[in-house]
Structures are given as C-alpha cells and as structure tokens.
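Visitor: Have a look at this one before I ask anything.
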Amino acid sequence: MARPTKSIHGEWTSRWAFILAATGSAVGLGNIWKFPYITGENGGGAFVLIYLLCIAIIGVPLMMAEILIGRRGRQNPINSLKSIAEEEGRSTNWQWLGGMGVLTGFLILSYYSVIAGQAMAYIPRAFSGVFEGVTADGAISIHKALVNDPERLLAWHTIFMLMTVGIVVRGVQHGLEKSVRIIMPALFIIILMLVGYGYNTGQYFDQSVQFLFAIDFSKLTHTGVLTAMGHAFFTLSLGMGAIMVYGSYLPKKASIFKVSLTISIMDTTVALLAGLAIFPLVFANGLEPTAGPGLIFDTLPIAFGHMPWGQFFGGIFFILLLFAAWSSGISLVEPIVVWLVENKNMTRLRASVYSGVIIWLLGLLTIFSFNLGREWRLFGLTMFELLDYLTANIMLPLGGLLIALFAGWVMKRNSSMDELGLGNGLLYSTWRVLVRFITPIAILIVFANLIGLLN
C-alpha cells in the first residue's frame, strides 16, 4: 500500500486548529468529572504532583508517537499502520493495532453518549430551579429517577448522537474545525466563570487551593500513584485512534513536539481549573471532596441548590460538561468514518450516518443496564460495566503500549526523526528513550494495576 503524502479528507488550516481539536478530544468528562473526585480520594496536592510528572513521562511521549504515526500514514489508523509497517519492512499485522483503536473509540462512545446525555438532561433541571434547597437524598432521587427511565435516557442519548454526527458529516474544515473553534473557547470561558464564582467564596477558595496544591506525601498511597499514572494516560485521549486520525490532517510544517506539549498543558489546565471550580462549592456547603463518581450528579446539585445564583451557575456547569463531552464524541466517531470512506468507498455522509446508527444502537445496552436490563450480567458485570472495563482496563492500555512499541521499535530511527523534525539532538534522544523504555514500562504497570495484578 503506497503511503499518501496528504490526507484525502483535507488538512487543518493551522497548527492552532489542530491544537483546539486535539485538546477537545482530550478534554472530556474525565477532566471535569473524574479528575476532581480522584484527587479528592487520593489526598490532593501530592497526587496532583505525581499526575503532572506522569503526564510528562507517559502522556507527552505517547501523544507525540500517535501524532507522528497519523501524520506519516495520512490515512485512517488501520491503513496508516499498515503502510508504515510495509515501508519499514515489517509485518502488516500491525494494522490490527489500528483496528483495535478504532473499535475502542467506537465502544467508548456508545456508553459515553449515554453519560453525556445525563449531563445534558441536567441543564434544564438546573436552570429551572429543580435543585433549589435539595437535600442529599433528594439529589440522589433526582438522578435515580433519570437513570431508571429508559425512555428519557434514550431521548437524551439520541440528541447527543445527532449533535455529534451532525458535526462529523461536514468534514475536517467545515465540521470538525469550525465546531472546535466555537466549542473550545466557550468551554474555557465557562470554566473561568465558574472559577471566578468559586473565588468569591473566599476562605473556601483558599481551602481548595491548599487542597489541590499543598504537597503532603503522607496522604499519598501506592494506589494513589498508580491512579495518577493511569489517569495521565487516559486523560489525553490516547490509544483510541482519535489523536492518530487528527494527526493525519496536521500540516507537515507543524512541530509535533510543540503541539503535543501545548495540548497536554491545556488538558491539564482544564482539569486543575475544574478542581478550582468544584471544590470551593463542595467545601462551602460542607460536602465531602471524596464523594467519588457521584460528585457530579449526586453531590454538586446540593451545592447549586443552596448557593446564591445556584440556578444560573448550575446550568452553566452542566453546559460545560456537555461541551467537553461533545468535543470528545466528535473525535471518537471520526476514525471509523474515515475508515469507511477510505476502505468501503462510502461518502462521508453515508459513513457518518452508518457509524452513528450503529453506535446509537450499541448505546441501548448501556441505557438498559441502568434499568430494565440491570440484571443482564456477564462475568458479574452489567453491560455498561463490562464495556467500561473492557475499554478502559484492557483495550486502551494495550493500545497505548503497542503504539509506543511501534513508534519506538518498529519505525526506524530515521523515519521518526524525519517526522518529528527535532534533529538528532537531546530532545529527540530523550523522546526515543522514553517511548522505547520508560513509557511502555509505565503503561505495563498501569495495565497490571487495572486488571488487579498489583492489588
């Protein structure tokens, strides 16, 4: 298979467009929902420090690897890996790595869309004052009423998938790029508004800063270190084909190192700002920062229901969640759409609709796992729990590990050096050592922890 020099789907009009798109892919519910509560569960500042170090040694090198593979292949992840392997004189079976990445994103979006739909459902609830004066039991009841109603979940899941496919169908420049140029600035404006509101809580904002940034290693356990390593890997949207296919649209003149570093910094900034937005509300209302996964849907509504301007800022917060999920959802559809266009000669319209319908249908498993099908179990897990475990604990880390090995060991030194454009100096040598040795070992440790070998 000849390796094209440009993607048939077009290019980003600028380096900044790619940064916004890739940041949009990376910034999702994990930054705004998961990062604050795992920080709360693992003691705050020391956890944040380890997380930042892991971003540097796992996240940035692996993102560079995924982008360079995408840009060098200029096709969907399956075809890119196949053509590069052929060029390097290696087995074309590496294309299955691309296939696993595409499938992973496909499966993730099927349940991600349902969770995003729940965030969307909370927007009108917050603005209309449903949370006003709500108790802890009341907040839990509101969430249970939503997830126990398959028709409402289906409606919100459908709306989210229509929004997502509606962007992807318009192509790289008119769909993906135009959407992220609006969604990402709006996301940053909203989160800064929420941080500003948190700042006005005075002592509670100071308490939040202390909680997030005061380093006390006595509060950090080995489990916390492993959690930081795992989240540093997952937060950048790596191992699912999205960054690789976005990289295939990156102009040759753009520096992969600079864009990877910028994306990582922006993604981490959003996570930290989310903490500064959420924790002042938690502390001001006497709630627990260790509330776990229920922090967003069960705990924060209590805070919004008991604070001035709670209706407005509660609605704004759930719009923020929606925008974060939407930008990620777009990136998860793109790899399968590109594969269908390139390999099955479909139009983008047909490929987008076809992909969206299959993902929508698969999302029914997640919807029913919360209500009518909560007793449908495989290996003791509901369908939602099974999909989440399979993708997050097995497919993503395995994909990330193999991407690192491909970029570090399968691709020849001259090939990766040419694509990265770093010359043969210290920066390139550091990346090569990290992606060949340190990053794979770190991912193996994360993988072992996720499947229970280190417990």
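Visitor: With the structure loaded, tell me whether LEU364 is touching a residue at least 40 places away in the same chain (Cβ under 8 Å) and assigned to a helix (DSSP H, G or I) or whether it fails that test.
Guide: Spelling it out, LEU364 is indeed touching a residue at least 40 places away in the same chain (Cβ under 8 Å) and assigned to a helix (DSSP H, G or I).
Visitor: Here is a further query. Under 6 Å between Cβ atoms, at least 6 apart or on separate chains: pull out the pairs that start in the range 103-119 with a residue that is within 11 Å of GLY329 (Cβ to Cβ) and end on any residue that is outside any helix (DSSP H, G or I) and open to solvent by 10 Å² or more (accessible area, probe 1.4 Å).
Guide: Sorted first by the residue in the range 103-119, then by its partner, the pairs are GLY105/MET240.
Visitor: Okay, next question. Name every residue in the range 168-200 that is in contact with a helix residue (DSSP H, G or I) (Cβ under 6 Å, 6 or more places away or on another chain) and open to solvent by 30 Å² or more (accessible area, probe 1.4 Å), in order of residue number.
Guide: VAL169, TYR197, TYR199
Visitor: Now for a different question. If you scan the range 242-255, which residues turn out to be surrounded by 23 or more Cβ atoms within 10 Å (Cβ to Cβ) and more than 12 Å from the chain's Cα centre (by Cα)?
Guide: Passing the criteria: MET244, VAL245, TYR246, GLY247, SER248, TYR249, LEU250.
Visitor: Moving on. Kindly evaluate ASN42 against the criterion of being among the polar types (S, T, N, Q) and in contact with a Gly (Cβ under 6 Å, 6 or more places away or on another chain).
Guide: Considered against the rule, which asks whether it is among the polar types (S, T, N, Q) and in contact with a Gly (Cβ under 6 Å, 6 or more places away or on another chain), ASN42 comes out as yes.
Visitor: Scan (1) out of contact with any helix residue (DSSP H, G or I) (no Cβ under 6 Å at 6 or more places or on another chain); (2) under 17 Å from LEU62 (Cβ atoms); (3) open to solvent by less than 30 Å² (accessible area, probe 1.4 Å) for the single condition ALA407 breaks and write down its number.
Guide: Of everything listed in (1) out of contact with any helix residue (DSSP H, G or I) (no Cβ under 6 Å at 6 or more places or on another chain); (2) under 17 Å from LEU62 (Cβ atoms); (3) open to solvent by less than 30 Å² (accessible area, probe 1.4 Å), ALA407 misses just condition (1).
Visitor: Moving on. Looking for something more than 25 Å from THR235 (Cα to Cα) and out of contact with any strand residue (DSSP E or B) (no Cβ under 6 Å at 6 or more places or on another chain) - is there at least one such residue anywhere in the range 360-367? Break it down into steps so the answer makes sense when it comes.
Guide: First pass over the range 360-367, keeping only residues more than 25 Å from THR235 (Cα to Cα): 361, 364.
From what's left, out of contact with any strand residue (DSSP E or B) (no Cβ under 6 Å at 6 or more places or on another chain): 361, 364.
Checking the range 360-367: at least one residue is more than 25 Å from THR235 (Cα to Cα) and out of contact with any strand residue (DSSP E or B) (no Cβ under 6 Å at 6 or more places or on another chain).
Visitor: Then there's this: Considering only residues that are outside any helix (DSSP H, G or I) and either buried (at least 20 other Cβ atoms within 10 Å of the Cβ) or at negative phi (or both), which ones fall in the range 377-394? Steps first, please.
Guide: Here is the first cut: in the range 377-394, the residues outside any helix (DSSP H, G or I) are 377-382.
Across the range 377-394, the qualifying residues are ARG377, LEU378, LEU381, THR382.
Visitor: Going through the range 22-61 one residue at a time, which ones are at pLDDT below 90, open to solvent by less than 10 Å² (accessible area, probe 1.4 Å) and not in a helix (DSSP H, G or I)?
Guide: GLY28, GLY44
Visitor: Of (1) touching a residue at least 12 places away in the same chain (Cβ under 8 Å); (2) within 21 Å of ILE243 (Cα to Cα); (3) open to solvent by 30 Å² or more (accessible area, probe 1.4 Å), GLY98 satisfies all except one. Which?
Guide: (3)
Visitor: Here's another thing I want to ask about it. Mind listing just one residue for me: the one in the range 206-258 that is among the charged types (D, E, K, R) and under 19 Å from GLY275 (Cα atoms) and, of those, modelled with the lowest pLDDT? Write out each step before concluding.
Guide: The initial filter retains those residues of the range 206-258 that are among the charged types (D, E, K, R), namely 206, 216, 219, 252-253, 258.
Subset that is under 19 Å from GLY275 (Cα atoms): 206, 216, 219.
Details: ASP206: 94, ASP216: 89, LYS219: 86.
Among those residues, the one meeting the criterion is LYS219.
Visitor: Criterion first (at pLDDT below 95, of a type outside the set (A, V, I, L, M) and more than 30 Å from GLY224 (Cα to Cα)) does PRO308 satisfy it? Reasoning before the result, please.
Guide: Details: at pLDDT below 95: yes; of a type outside the set (A, V, I, L, M): yes; more than 30 Å from GLY224 (Cα to Cα): yes.
When the stated conditions are applied, PRO308 passes them.
Visitor: Right, here's the next one. Applying the selection to the range 214-233, what residues are aliphatic (A, V, I, L, M) and open to solvent by less than 70 Å² (accessible area, probe 1.4 Å)? Lay out the reasoning, then the answer.
Guide: First pass over the range 214-233, keeping only residues aliphatic (A, V, I, L, M): 214-215, 220, 225-226, 228-229, 232.
Within the range 214-233, ALA214, LEU220, VAL225, LEU226, ALA228, MET229, ALA232 meet the criteria.
Visitor: Then there is this: Could you tell me whether any residue of the range 265-286 is closer than 20 Å to PHE188 by Cβ, buried (at least 23 other Cβ atoms within 10 Å of the Cβ), out of contact with any strand residue (DSSP E or B) (no Cβ under 7 Å at 6 or more places or on another chain) and of a type in the set (D, E, K, R)?
Guide: Within the range 265-286, one or more residues are closer than 20 Å to PHE188 by Cβ, buried (at least 23 other Cβ atoms within 10 Å of the Cβ), out of contact with any strand residue (DSSP E or B) (no Cβ under 7 Å at 6 or more places or on another chain) and of a type in the set (D, E, K, R).
Visitor: Out of the residues in the range 421-448 that are under 23 Å from the mean Cα position of the chain (by Cα) and open to solvent by 30 Å² or more (accessible area, probe 1.4 Å), which is nearest to LEU390 (Cα to Cα)?
Guide: Result: PHE447.
Visitor: So ARG374 clears everything in (1) surrounded by 14 or more Cβ atoms within 10 Å (Cβ to Cβ); (2) at pLDDT 95 or above; (3) under 30 Å from THR158 (Cα atoms); (4) among the basic types (Lys, Arg) except one condition, right? Which one?
Guide: The number of the failed condition is (2).
Visitor: Condition first: crowded, with 17+ Cβ neighbours inside 10 Å and either at pLDDT below 95 or more than 19 Å from the chain's Cα centre (by Cα) (or both). Now tell me which residues in the range 77-89 satisfy that.
Guide: Going residue by residue through the range 77-89, those that are crowded, with 17+ Cβ neighbours inside 10 Å are 77-85.
Hits for the range 77-89 are ILE78, ASN79, SER80, LEU81, LYS82, SER83, ILE84, ALA85.
Visitor: Here is a follow-up. If you scan the range 319-371, which residues turn out to be open to solvent by less than 20 Å² (accessible area, probe 1.4 Å), over 21 Å from the mean Cα position of the chain (by Cα) and of a type in the set (Ser, Thr, Tyr)?
Guide: Taking the range 319-371 as the starting set, the residues that turn out to be open to solvent by less than 20 Å² (accessible area, probe 1.4 Å) are 320-322, 324-325, 327-335, 337-338, 340, 351-352, 355-356, 359, 363, 366-367, 369, 371.
Narrowing further to those that are over 21 Å from the mean Cα position of the chain (by Cα): 340, 351, 369, 371.
SER369 - this is the single residue of the range 319-371 that is open to solvent by less than 20 Å² (accessible area, probe 1.4 Å), over 21 Å from the mean Cα position of the chain (by Cα) and of a type in the set (Ser, Thr, Tyr).
The values are calculated or read from the model by the stated rules, or taken from the named source; none is laboratory data. Since the model is a prediction, treat every value here as computed from it, not as a measurement. All Cβ positions, glycine included, derive from the backbone under ideal geometry; neighbour counts span all protein chains shown. Side chains included, ligands, DNA and RNA excluded: accessible areas come from the protein's heavy atoms. Shrake-Rupley method; radii C 1.70, N 1.55, O 1.52, S 1.80 Å.
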